[in-house]
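The values are calculated or read from the model by the stated rules, or taken from the named source; none is laboratory data. Predicted model, so just to flag it, every value in this text is computed and none were measured. Here the Cβ is made from the backbone with ideal geometry for all residues, glycine too, and neighbour counts use every protein chain on show.
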Amino acid sequence: MSMTEKSKIAIGIDLGTTNSLAAVMRDGRPVALAGEHGAIVPSVISFQNDQLLVGIPARQAMLDNPDHTVYSVKRLMGKAAADLKDSDDRLPFQVVADSRGLAAVKIDQKIISPVELSAAILREVKKQAEKALGMEVERAVITVPAYFDDAQRQATRDAGKIAGLEVLRIINEPTAASLAYGMHQLNRGTIVVYDLGGGTFDVSILRLENGIFEVLATAGDTRLGGDDFDMEIVNDIIKQALKSGIIMDHPSPAMRATLKRAAENAKIALSEVEEMTIVVRAGGGNFSLTLTAIEFENLIRPYVERTLDFCRRALADAKLTIDKIDEVILVGGSTRIPMVFNAVEDLFGRPAHCDLGPDEVVALGAAVQADILTGGRNDLLLLDVTPLSLGIETLGGVMNVLIQRNSKIPAVSKEVFTTYVDGQTNVAIRVYQGERELVADNRALGNFDLTGIEPQRAGMPRIEVSFMLDADGILRVTAHDIRSGKQQQITIQPSYGLTRDEVNQMVRESFLHAQDDIDRRLFIELSNESGTVIKATRRAFEVFSEFKDGERQQIEETITRLEEALRGTDPQAVRERLDELNDATADLAARMADDAVAGALKRKSVEEAAKLME
Ligand code: AMP
């Protein structure tokens, strides 16, 4: 193979919470790449003195050295430490805030970011893939959950870069699973992707039309998965041991890890056999417990029921009924449990796709996408939607939305803004995400100043703000002063992440406060408009002198009444007084305009007329 061919290869990587995996397109079919320890790289990292272990060796080290072993780092990607307060209790390692307030892991005295830890996993996946392929790999498509926000996607992209990969695209896991099953070759269809992994559960509903995928709805729980099943078995072992007089209710970290491994092995075996005996060393001897598949099913039933509830919720969110679903795809190691796949098939009333292997299917689909992007084929475009609206702050703290929630991505939007103060040479562009009318109630994503604007009268500069949300869900905001050509931009960096519950909460609150919010926004907008009209009227008093009898006094009184209304909170009162002022100045404005351009402009506002007089 020549050098150019060599550098062209692109792999697909499923960077999972529990396990990661790479795949590549071979003879028109995606195949998983098996490294020296098999195809799967456990997403585990262990620090052994000065040595860094990743994958299988790190998972083995978990037993002997649990304090120096880190897993589930995907949960920390792009998150603020403050947002994890309640949820990190299940992680046995120390999660701290780094200098920017982002969640990081502390091992001994070292603080390591989840991006670096993910990069270590990706580097190992890359190394194993290179071994399997016998050539260097530089390019990859990496998958993320459909609910990952901009910050989490950016963090994943950064991890890829640190691992020495050119990240061609970040794609959604359910979309990847659909690609693996060749769904894009169907003309249209509605696909449910049920993903039950080690630590998380997700269900996504995708619509496919003419080769384009769109995420209609997602639901799930980032704290539900095979680990819960293992813990149920561990608790059962502890309970049964107690009955035999063996006390292990506060097991050491090493003992806990041993119990969990024993439980997980039993669970996996029970997907094939009816009964399993678990043996653990405890209390100076061996303790054994026999668990049947039926007993195991009873232990996990409440969890499985919850996943079905999430499926119903996603259907409701997508405004679909079960009979509208054309395909069901199973993803995640835990869907190998017979009770789980039976429950899903029963709910949807159809056989589910699982023959590609639920733990490989996401990586396989990422390989299909990598192949498409590297020119293997270009027959499809992948679409997703943005979960929350994106916009900037305008005068008075109002949220000005540029990209609406549920817009298909990639999305581009542009709007022209101006200044509010004469001679203003700087504007602050503050970017927010959320559904509320005032930015104070939304989530700040980042900000920057556009400087060097040519000083002009308020309202004259034209500042174009554009939002570009790319196919990976990463946002680039640009502000451009059209006259001076000055330009400034940011790519939204991870400040902190949002959980899906928070997204739902933000949307719910926007409904709850809708009327209040609209009134507050209206009041601010009317105040802004009133300020502009009052200022223009006062300017007219300075530049124009031909007033009718009592005209000026009447206008002054109207301004006073408007100013009174502005001290209140009622937008309706401001609207009425503002209309009064506009009426009171209409005739004056027309005369001023006539004066200025000899009748060329009729019905000018006093504001425009004052400008014309200059
Ligand atoms: P994933 O996050 O998709 O890699 O899934 C990992 C989870 O699947 C872990 O909790 C595993 O214990 C579980 N798992 C893998 N294979 C099986 C199996 N055959 N039966 C039951 N659970 C399994």
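All of 307, 321 fail the test of being β-branched (Val, Ile, Thr) and either away from the ligand (no atom under 15 Å from the Cβ) or out of contact with any strand residue (DSSP E or B) (no Cβ under 9 Å at 6 or more places or on another chain) (or both), apart from 321.
Take the residues in region 249-276 that are of a type in the set (Asp, Glu) and within 13 Å of the ligand (Cβ to nearest atom), then tell me which one is farthest from residue 302 (Cα to Cα). Filtering first and then ranking leaves 272. One residue stands out among those in region 363-394 that are small (Gly, Ala, Ser) and at pLDDT 90 or above: the one that is nearest to residue 443 (Cα to Cα), which is 391.
Scanning region 26-35 for residues that are part of a strand (DSSP E or B) and touching a strand residue (DSSP E or B) at 6+ places or on another chain (Cβ under 8 Å) yields 30, 31, 32, 35.
One residue stands out among those in region 9-30 that are β-branched (Val, Ile, Thr) and in contact with an Asp or Glu (Cβ under 9 Å, 6 or more places away or on another chain): the one that is farthest from the ligand (Cβ to nearest atom), which is 9.
Across region 215-231, which residue is surrounded by the most Cβ atoms within 10 Å (Cβ to Cβ) among those that are within 15 Å of the ligand (Cβ to nearest atom) and more than 18 Å from residue 309 (Cβ to Cβ)? Among residues in region 215-231 that are within 15 Å of the ligand (Cβ to nearest atom) and more than 18 Å from residue 309 (Cβ to Cβ), the one surrounded by the most Cβ atoms within 10 Å (Cβ to Cβ) is 226. For region 331-378, a residue qualifies if it is away from the ligand (no atom under 16 Å from the Cβ) and among the hydroxyl-bearing types (Ser, Thr, Tyr), and exactly one does: 374.
Tallying residues that are part of a helix (DSSP H, G or I) and either farther than 30 Å from residue 515 by Cα or in contact (Cβ under 8 Å) with a residue 60 or more places away in the chain (or both) within region 548-564 yields 7.
Does region 39-57 contain at least one residue that is within 16 Å of the ligand (Cβ to nearest atom) and more than 30 Å from residue 251 (Cα to Cα)? Scanning region 39-57 turns up at least one residue that is within 16 Å of the ligand (Cβ to nearest atom) and more than 30 Å from residue 251 (Cα to Cα).
Filtering 246, 212, 237, 170 for residues that are away from the ligand (no atom under 14 Å from the Cβ) and either closer than 23 Å to residue 15 by Cβ or touching a Ser or Thr at 6+ places or on another chain (Cβ under 9 Å) (or both) leaves a single hit, 170.
Taken together, the residues in region 97-121 that are in a strand (DSSP E or B) and either of a type in the set (A, V, I, L, M, F, W, C) or outside the structural domain of residue 66 (by TED's automatic domain parsing) (or both) amount to 8.
When you scan region 36-56, how many residues do you find that are surrounded by fewer than 23 Cβ atoms within 10 Å (Cβ to Cβ) and either in a strand (DSSP E or B) or in contact (Cβ under 8 Å) with a residue 12 or more places away in the chain (or both)? Matching residues across region 36-56 total 11. Condition first: assigned to a helix (DSSP H, G or I), free of Cβ contacts under 8 Å to residues at least 40 places away in the same chain and over 16 Å from residue 535 (Cα atoms). Now tell me which residues in region 565-582 satisfy that. Those that are assigned to a helix (DSSP H, G or I), free of Cβ contacts under 8 Å to residues at least 40 places away in the same chain and over 16 Å from residue 535 (Cα atoms): 565, 572, 573, 576. Right, residue 444: aliphatic (A, V, I, L, M) and out of contact with any Leu (no Cβ under 6 Å at 6 or more places or on another chain) or not? Judged against the criteria, residue 444 is a match.
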